Amino acid sequence: MKRSDKGLAFMLQYENIAWYENGVVRILDRRVYPNEISYVDCHSYSEVVQAITDMVTQSGGPYSAARMGMALAAYECRNEKESYQVEFLKNAAKTISNARPTTRKRMELVTDECLKIAFDALKNGEVVSEKIFHHGIEALNDKYDKFDLVAKNLVNMFPKSGNVMTQCFGETIVGCMLREAKNRKLDISMYIPETRPYFQGARLTASVSQDQGFDTTVITDNMVAFTMQQKGIDVFTSAADAICLDGYVVNKIGTYQMAIVAKELEVPYFVTGFPDIAHPTIKTVEIEYRDPEFVLQAMGVRTAMKGVKGMYPSFDITPPHLISGVVTDKGIFSAYDLDSYVHDNFIEP
């Protein structure tokens, strides 16, 4: 079986993202990694949905979990009549795709493809769960291979020796860009904001960077301007939860203010990913609000007085005039010209 995760960090290995086997989906619990290596075992697709909703896995992880969840759904209904299996899988696809509202449209593309695989397998008398599982591995290989091309285009923007700042956890592109930088023998130091309230930067991005052998510094989220200015950041880069065709980028809360600072300090900001045909304009995006209690604590320790209220939008919106370029597998595009990419080039998450 082909694997495109060679040379990447522990948490980017396929088995440590989401893995289906023998009626169980196992997902690395990114809420506690790296302090604890723990997995959530899901015995039904509804448990996979709950794991995605609860952010057991984030960034690109939910899409892998969705495919594995669809394989598990097929296993759950394997002994039923074909008509029942079809309806069961349709309901599973709808439920999984709605696990988190902001990514619903991308997730629908994933689950719809799984449904096509499933229905073909049913017609051909094949084991549906295994067909969906192998489709999931092929999708991961395709994703990693395409992000390797993105990484090559992004690393072209890096200095031979310098400092790069990231935001949140871009998962595949983080691992691929660091692998590419290592292959080119670049002397890069990474500066990584912690990304409250889930600390994805401190726990996940920094772990991948450290695992892959780079000088890695974590900063608090309110140190961004000082660090860009005082440490001479050469490039700011982030992935995106949605890249709308009108050039607006939806990413982890905090990205917008970082983009403003980068513009002020003349630090180029490169967004990585693929323009999203499901979002022709920013008006099609629903910003997800999560439990405000997370803002009132840090890694389980309460920091605010009882009675104080919190607010937790998961994402914010960065307008195109703050973006130096959208880095894709086909090259670097202006945020004002994303239609040029979309024609015949769209990639599933």
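With respect to the stated conditions, Ala278 is crowded, with 17+ Cβ neighbours inside 10 Å, hydrophobic (A, V, I, L, M, F, W, C) and out of contact with any His (no Cβ under 6 Å at 6 or more places or on another chain). The set of residues in segment 76-116 being modelled with pLDDT under 95 and under 19 Å from Gly23 (Cα atoms) is empty.
Residues are listed down the side, and each one gets a yes or a no for (1) in contact with an Asp or Glu (Cβ under 8 Å, 6 or more places away or on another chain); (2) within 22 Å of Leu109 (Cβ to Cβ); (3) modelled with pLDDT of 95 or more:
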| site | (1), (2), (3) |
| --- | --- |
| Glu15 | no, no, yes |
| Arg26 | yes, no, yes |
| Ile37 | no, no, yes |
| Ser44 | yes, no, yes |
| Glu47 | no, no, yes |
| Gln50 | no, yes, yes |
| Thr53 | no, yes, yes |
| Ser59 | yes, yes, no |
| Pro62 | no, yes, yes |
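When we screen Leu109, Leu122, Leu115, Leu89 for residues that are over 18 Å from His279 (Cβ atoms), of a type outside the set (Gly, Ala, Ser), under 24 Å from the mean Cα position of the chain (by Cα) and not assigned by TED's automatic domain parsing to the domain that holds Ile282, the only hit is Leu115. For segment 289-306, residues that are more than 13 Å from Tyr198 (Cβ to Cβ) and among the charged types (D, E, K, R) total 2.
From the residues in segment 269-302 that are of a type in the set (Val, Ile, Thr) and in contact (Cβ under 8 Å) with a residue 40 or more places away in the chain, which one is farthest from Met107 (Cα to Cα)?
Taking the candidates together, the pick is Val295.
All but one of (1) in contact with a Leu (Cβ under 7 Å, 6 or more places away or on another chain); (2) hydrophobic (A, V, I, L, M, F, W, C); (3) part of a helix (DSSP H, G or I) hold for Phe158, so report the exception by its number. Among (1) in contact with a Leu (Cβ under 7 Å, 6 or more places away or on another chain); (2) hydrophobic (A, V, I, L, M, F, W, C); (3) part of a helix (DSSP H, G or I), the lone unmet condition for Phe158 is (3). One residue alone among Glu113, Glu108 is buried (at least 16 other Cβ atoms within 10 Å of the Cβ), farther than 17 Å from Val127 by Cβ and touching a Ser or Thr at 6+ places or on another chain (Cβ under 7 Å), and that residue is Glu108. Picking from residues in segment 12-52 that are touching a strand residue (DSSP E or B) at 6+ places or on another chain (Cβ under 6 Å) and part of a helix (DSSP H, G or I), the one that is nearest to Asp145 (Cα to Cα) is Asn16. The single condition among (1) charged (D, E, K, R); (2) without any contact (Cβ under 8 Å) to a residue 12 or more places away in the chain; (3) over 27 Å from Met177 (Cβ atoms) that Glu15 does not satisfy is (3). The lone criterion from (1) under 19 Å from Gln58 (Cβ atoms); (2) outside the structural domain of Ala225 (by TED's automatic domain parsing) left unmet by Val174 is number (2). For residues that are outside any loop (DSSP other than H, G, I, E, B) and out of contact with any Ser or Thr (no Cβ under 7 Å at 6 or more places or on another chain), scanning just segment 331-344, find the one that is surrounded by the most Cβ atoms within 10 Å (Cβ to Cβ). Top of the filtered list is Ile332. Only residues that are in contact with a Gly (Cβ under 7 Å, 6 or more places away or on another chain) and within 21 Å of Gln13 (Cα to Cα) were counted in segment 168-190, giving 6.
The values are calculated or read from the model by the stated rules, or taken from the named source; none is laboratory data. Everything numeric here is computed off the predicted structure, so don't read it as measured data. Note that we place each Cβ from the backbone using ideal geometry, even for glycine, and neighbour counts take in every protein chain shown.
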